[in-house]
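Contents: one structure, followed by commentary.
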Amino acid sequence: MIKLKEPLTVRDRWNFKVTYLEEHEYQTFDPEGMAYVMLNKSMYFNDDGYFAHKTGCVQTSSRFGITTDEGTAVVIEYPGLHLLEDRIYLQNELDMGNLSYMDGGTNTTAINPGRLGDPVVNYVHFPSGMHQTLHTHPSHRIGLCVSGNGRVQLEDHEFFDIKNGEAFFMRRNELHNFMCQDEDVV
């Protein structure tokens, strides 16, 4: 598991590049395929318009820009993925997700996969005091913490702190669990 700071390129079933934008950054993107954008109180804009200071995500193949001002953002570019539509999900309330996840966590599928096995964006809510069971996932995980501070336990009792505004990358099948102390983590 790593904290995202520098661009990361992964060559795998789906090749992708991850770019993390910290506070007060501006960058434009012109994806060769699809881009998945995760926003934490940031501005997204393209030729059709914009939305500012929002938390949410976008799936697009169009040229776009991000301004983070007081927030952060993650852009995941999939050059080999071509879908027919753009999708937008704005999280207006940092509330519980609508699907049961595990050990008290919940999630909401913010951007559904176009077909089974395609990338997906989930909004996950971990309640205060939660301590997940150690587990793995068959796919890579890229996360952006949009609220709260928590901790991730990895194999061999290695711990990894995650804070509001930070992003992380976890390789497939990496043993982990999320833990929350005194506050919810989203």
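Things worth noting here:
- Glu155 accessible area, 1.4 Å probe, all protein chains in place, Å² to nearest 10: 110 Å²
- For the range 50-186, a crude dipole built from +1 on the beta carbon of Lys and Arg and -1 on the beta carbon of Asp and Glu, taken about the Cα centre, is about 480 debye to the nearest 20.
- Three-way shape call for the range 86-186 based on the alpha-carbon gyration tensor, with the a/c threshold at 1.5: oblate
- Toward the positive end of the charge dipole of the chain, with +1 on the Cβ of Lys and Arg and -1 on the Cβ of Asp and Glu, the farthest Cα among Tyr78, Ser128, Phe159 is that of Tyr78.
- Accessible area per residue in Å² at 1.4 Å probe, computed on the range 1-95: 55 Å²
- Most mobile of Asp86, Asp118, Asp69 in a GNM of the chain (Cα contacts under 10 Å): Asp118
- The range 133-174 shape via C-alpha gyration tensor axes, a/c threshold 1.5: oblate
- Candidate lysines - alpha carbon under 16 Å from Lys17, same-chain residues fewer than 8 apart omitted: Lys3, Lys5
- Shape analysis of the range 77-143 places it in the oblate category; the axes a ≥ b ≥ c from the Cα gyration tensor give an a/c of at least 1.5, with a/b not above b/c.
- Each of Thr55, Thr136 has its accessible area taken with a 1.4 Å probe; listed largest first, they run Thr136, Thr55.
- Carbon + sulfur, % of accessible area of the chain - ligands and nucleic acids excluded, 1.4 Å: 45 percent
- Centroid-to-centroid separation of the range 109-152 and the range 24-71 [C-alpha atoms, Å]: 20 Å
The values are calculated or read from the model by the stated rules, or taken from the named source; none is laboratory data. Model, not experiment: these values are computed from the prediction. Every residue, glycine as well, gets a Cβ built from its backbone with ideal geometry; the counts of neighbours run over all protein chains shown. Note: accessible area is taken over every heavy atom of the protein model, side chains too, but ligands, DNA and RNA are not part of it. Shrake-Rupley method; radii C 1.70, N 1.55, O 1.52, S 1.80 Å.
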